[in-house]
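Participant: Structure incoming, see below.
The values are calculated or read from the model by the stated rules, or taken from the named source; none is laboratory data. Since the model is a prediction, treat every value here as computed from it, not as a measurement. Neighbour counts run over all protein chains shown; Cβ positions are idealised from the backbone, glycine included. SASA here: full protein model, heavy atoms, side chains in, ligands and nucleic acids out. Shrake-Rupley method; radii C 1.70, N 1.55, O 1.52, S 1.80 Å.
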Amino acid sequence: MKLIVIGSNSAGNAYALDAGGEILLLEAGIKMADVKKAIDYHIDEVVGCFVSHEHGDHAKYAGEYARWGVKVFGNSNVAKSKNFGFARYYTITAGKTTHLGRFSVTPFDVAHDVPCFGYLIRHPEMGIMLFATDTYKVPMNITGIDHYLIEANYSDALLKQNVWNGKINKSQADRIMLSHMSFDYTAKYLRDCDAQKSAKTVTLCHLSERNSDPVQFKSTVESALGVPCFIAKKNLIVDLSKEII
């Protein structure tokens with residue numbers, strides 16, 4: 001199993017979980033042309049795509065994916081905002097698991113400025129992945145996670161410094177803090193979930209260009225948990241095999 005990062009920032013988000021013969025897409029914020037290239041044009045192996053919420057950098061191309069035959073899953077707000085008029089969009093609800101091939105995906109509610117899902121994703125070649133982005137918190141601690149694909153959008157210290165220096169206005173900073181996860185929160189969440197006992201990899205996603213410190217984020221996670229930490233960026237590939245540690 002491998003994680004392929006197709007995009008992970010405010011310009012567009014998309015990821016692929018490639019199990020060899022079956023591929024699960026996460027988010028639809030990148031054009032299908034780029035997605036096809038990233039998965040070596042194996043569009044016939046895509047079992048589905050799960051979208052976290054309606055914002056364009058996560059769902060803009062969901063209709064395009066569906067027109068290519070991809071089953072797209074998400075909450076009812078995504079359906080309304082994207083005006084899906086065809087059968088390949090599937091509205092799902094928190095707590096109800098969807099099975100696609102050997103993937104099992106369970107959505108859970110997270111806290112954003114619009115309805116938003118995180119996902120627990122299971123596959124025999126990977127174990128369990130927790131995917132959470134565009135939220136200022138994850139509402140429950142979940143133990144026994146093998147792999148994390150989790151937002152670390154900003155550093156509290158850097159964000160405050162940028163407000164102080166006039167690089168970001170306070171209202172924008174307030175919105176960020178009420179809709180995105182800080183690295184400080186993410187690091188605490190990983191500790192609260194006993195990630196040091198179960199995690200094999202941590203991939204930090206959706207980092208702000210101005211308000212984050214990727215080198216420091218990576219170093220801190222690896223020192224605290226003793227597992228590889230990756231910063232999600234275009235073309236990154238992460239081995240998610242169960243046997244990597």
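Participant: If you go through region 94-123 one residue at a time, how many are in a loop (DSSP other than H, G, I, E, B) and touching a Lys or Arg at 6+ places or on another chain (Cβ under 6 Å)? Let's see the steps before the verdict.
Facilitator: In the first step, residues of region 94-123 are kept if they are in a loop (DSSP other than H, G, I, E, B); the result is 94-97, 101-102, 111-115.
Now restrict to residues that are touching a Lys or Arg at 6+ places or on another chain (Cβ under 6 Å): 111.
So the count comes out to 1.
Participant: Restricting to region 52-107, give me the number of residues that are open to solvent by 70 Å² or more (accessible area, probe 1.4 Å) and polar (S, T, N, Q).
Facilitator: So the count comes out to 3.
Participant: Here's something else I'd like to know. So CYS49 ticks every box in (1) touching an Asp or Glu at 6+ places or on another chain (Cβ under 8 Å); (2) surrounded by fewer than 23 Cβ atoms within 10 Å (Cβ to Cβ); (3) of a type outside the set (Gly, Ala, Ser); (4) closer than 19 Å to THR106 by Cβ but one. Which box is left unticked?
Facilitator: (2)
Participant: Right, here's the next one. For VAL215, state whether it is more than 17 Å from the chain's Cα centre (by Cα) and either more than 21 Å from ALA14 (Cα to Cα) or surrounded by 17 or more Cβ atoms within 10 Å (Cβ to Cβ) (or both).
Facilitator: Numbers: more than 17 Å from the chain's Cα centre (by Cα): yes; either more than 21 Å from ALA14 (Cα to Cα) or surrounded by 17 or more Cβ atoms within 10 Å (Cβ to Cβ) (or both): yes.
Answer is yes for this residue.
Participant: For residues in region 143-176 being assigned to a helix (DSSP H, G or I) and basic (Lys, Arg), which is farthest from GLU125 (Cα to Cα)? Talk me through it step by step, then tell me what you get.
Facilitator: Filtering region 143-176 for residues assigned to a helix (DSSP H, G or I) gives 156-164, 170-176.
If we keep only those that are basic (Lys, Arg) too, we end up with 160, 170, 175.
Working: LYS160: 42, LYS170: 45, ARG175: 38 Å.
Here the residue is LYS170.
Participant: Could you identify the single residue in ALA66, ALA62, ALA11, ALA33 that is of a type outside the set (D, E, K, R) and under 28 Å from MET140 (Cβ atoms)? Spell out the reasoning first.
Facilitator: On the way: ALA66 fails: under 28 Å from MET140 (Cβ atoms); ALA11 fails: under 28 Å from MET140 (Cβ atoms); ALA33 fails: under 28 Å from MET140 (Cβ atoms).
So the residue among ALA66, ALA62, ALA11, ALA33 that is of a type outside the set (D, E, K, R) and under 28 Å from MET140 (Cβ atoms) is ALA62.
Participant: Can I ask one more? Please work out which residue is surrounded by the most Cβ atoms within 10 Å (Cβ to Cβ), limiting yourself to region 188-212 and to residues that are among the small types (Gly, Ala, Ser) and in a helix (DSSP H, G or I). Give the derivation first.
Facilitator: Here is the first cut: in region 188-212, the ones among the small types (Gly, Ala, Ser) are 195, 198-199, 208, 212.
Okay, now just the ones that are also in a helix (DSSP H, G or I), so 195, 198.
Numbers: ALA195: 26, SER198: 17.
Checking each candidate, the answer is ALA195.
Participant: Next up: May I ask you to verify whether LYS137 is more than 22 Å from GLY12 (Cβ to Cβ) and either open to solvent by less than 60 Å² (accessible area, probe 1.4 Å) or under 20 Å from the mean Cα position of the chain (by Cα) (or both)?
Facilitator: yes
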